[in-house]
Amino acid sequence: MTPRPHHLLAGLALALGTMAASSAATITISCGSNAADLEWCGKFAEEWGKANGHTVKLYTPPASTTDNLALLRQQFAAKSSDLDVIMVDVVWPGVIKDHLVDLKKYSKGAEAKHFPAIVANNTVDGKLLGMPFFTDAGLLFYRKDLLEKYKLQPPKTWDELASSAKKVMEGERAAGAKDFQGFVFQAKAYEGLTCDALEWVASFGGGEIIDKSGNITINNPNAAKALDTAATWIGTIAPQGVLNYAEEDARGVFQKGEALYMRNWPYAWSLGQAPDSPIKGKIGVSALPGATPGKGAATLGGWQLAVNKYSKNVDAAAALVMHMTSAEIQKKRAIGGSYNPTIMDLYKDAEIVKANPFMGELLPVFTGAVARPATVTGLKYPEVSQAFWDATHEVLSKKTNGTDALRKLEGKLKQVKRTKW
Ligand code: GLC
């Protein structure tokens, strides 16, 4: 339809009005890389651009947070202004702190409405380097219909998970679903494996790799037992291929209807419940199991929006960050994309909780999630995490066992630490 002339004129006047206030800029935003990110981040950023006389371009980062960070660090080294707004993983602020704008001047205190622990995580040397965008914690997704069919309850312990997965897998395979899997998760050698393995270790009482004072605690029998237990899943209830799975690989299998259990982040809920999803209406969500009931642990994940220090449009980029992290947009993203808000009040929002029952029921999982040792290790976190995921991957691939791998890992971490973090 061709717009009628008076609409055109009104639009022009509006555009001129906003342009006078702040000159038109082209802002490139990094929004995440899965289908939901494009729809629930890209769309809102573009709408903001249109309303404010700016052009918004989307940059799709690599799906793996590890590759995403590597690329960003190259761009920072070159002082590149290509990206204006950057989506920052919760474990990055200490790593990329020198390349981000202090947002205090723009936030005008808006951060006070967000979870204080996330704001503290994003504050380095007194500078607010990112506005919280969404928070994450590891969850257990299960097939409600299949647990009912086999008269099973969602597992409270890893043993229950393994035995029920075996039972259902055997039953479904015998019934003709020959590729059916018991459990899918993230076991590729990358940051996602650090997240999954920290959950196993913490749920066995094996600590958090490095404690809050910087002591290397990972070389302990409970942690070794956790890794050895996870290794028994590979090739039994989980496919051998899980050693190369990231989030989207696991979701692909689960959403096709070919797995009973999946460990993943909240975003998988809205995609699994989408109208074209084969498992729509059949998904349950619970806290992850523990070595004993009630001891499950979830790794804290989540993303912030930040402004690149080398951006040529810092003011407009910061305005976009404030808009995208506002209650209005966080609510839309929660309802449509099951991204957990970082604004505390939104957990009382009836529409959000209706669309994502787990956000209400599992609130303690989100508020009690275990942080990776990123704050204490600062710039060295990527090396620490890589050493941990490599050690874990070797145990899962049965190249070594938990005890030997963790003894070696302790030595490696001491080398990385030297005298201090
Ligand atoms: C999710 C989490 C992020 C984590 C990543 C690992 O995106 O939000 O914190 O690092 O998964 O793959």
Exercise. Gain in length, residue 51 to residue 77, computed as 0.36 nm per residue apart minus the alpha-carbon separation, to one decimal in nm?
Worked result: 6.0 nm
Exercise. In cubic angstrom, how much convex hull volume per residue do the alpha carbon atoms of segment 195-260 span?
Worked result: 100 Å³
Exercise. Tally Lys and Arg at +1 and Asp and Glu at -1 over the other residues with C-beta under 9 Å from the C-beta of residue 202: what net charge comes out?
Worked result: -1
Problem set entry | Relative frequency of Cα-Cα separations exceeding 25 Å in segment 275-421, percent | 54 percent
Exercise. Where the convex hull is taken over the Cα atoms of the chain, what is its projected area averaged over directions, in nm²?
Worked result: 22.3 nm²
Problem set entry | Nitroxide proxy distance, nm - points 7 Å out along Cα→Cβ at residue 276 and residue 160 | 3.7 nm
Seminar exercise, completed: In the neighbourhood of residue 91 defined by beta carbon distances under 10 Å, the net charge of the other residues (Lys, Arg +1; Asp, Glu -1) is -1
Seminar exercise, completed: Non-local residues with an amide H under 5 Å from the amide H of residue 307, with H modelled 1.01 Å from N and Pro and chain starts lacking one, are 86, 101
Seminar exercise, completed: Inverse of <1/r> over all distinct C-alpha pairs of segment 147-268, i.e. the Kirkwood Rh in Å, gives 15.2 Å
Problem set entry | residue 39 versus residue 367: modelled label distance in nm, points set 7 Å from Cα along the beta carbon direction | 3.1 nm
Exercise. Near residue 58, within a Cβ-to-Cβ distance under 10 Å, what is the net charge of the other residues, with Lys and Arg +1 and Asp and Glu -1?
Worked result: 0
Problem set entry | Reduced Cα scattering model of segment 42-166, Debye log10 I(q)/I(0), q = 0.22 Å⁻¹ | -1.37
For this session: Round to the nearest 0.05 the FRET efficiency obtained for residue 125 and residue 148 when R0 = 45 Å and r is the Cβ-Cβ distance.
Result: 0.25
Exercise. Looking at the chain, do any whole DSSP H helices span at least 20 angstrom along their long axis by alpha carbon and average 1.0 or above on Kyte-Doolittle, and which?
Worked result: 5-21
Exercise. At what distance in nm do the modelled label points of residue 400 and residue 222 sit from each other, each positioned 7 Å from its Cα along Cα→Cβ?
Worked result: 2.3 nm
Seminar exercise, completed: Amide H neighbours of residue 56 at under 5 Å, excluding residues fewer than 5 places away on the same chain, with H built from the backbone geometry, are 27
Problem set entry | Under 23 Å between alpha carbons - lysine pairs in segment 83-196 that sit 8 or more apart or on different chains | 25
For this session: Restricting attention to the chain, give the cysteines that have no other cysteine Cβ less than 4.7 angstrom from their Cβ.
Result: 195
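FYI, it's all coordinate maths here, none of it is from the lab. Since the model is a prediction, treat every value here as computed from it, not as a measurement. Glycine also receives a Cβ, built like all others from the backbone with ideal geometry; neighbour counts cover every protein chain displayed.
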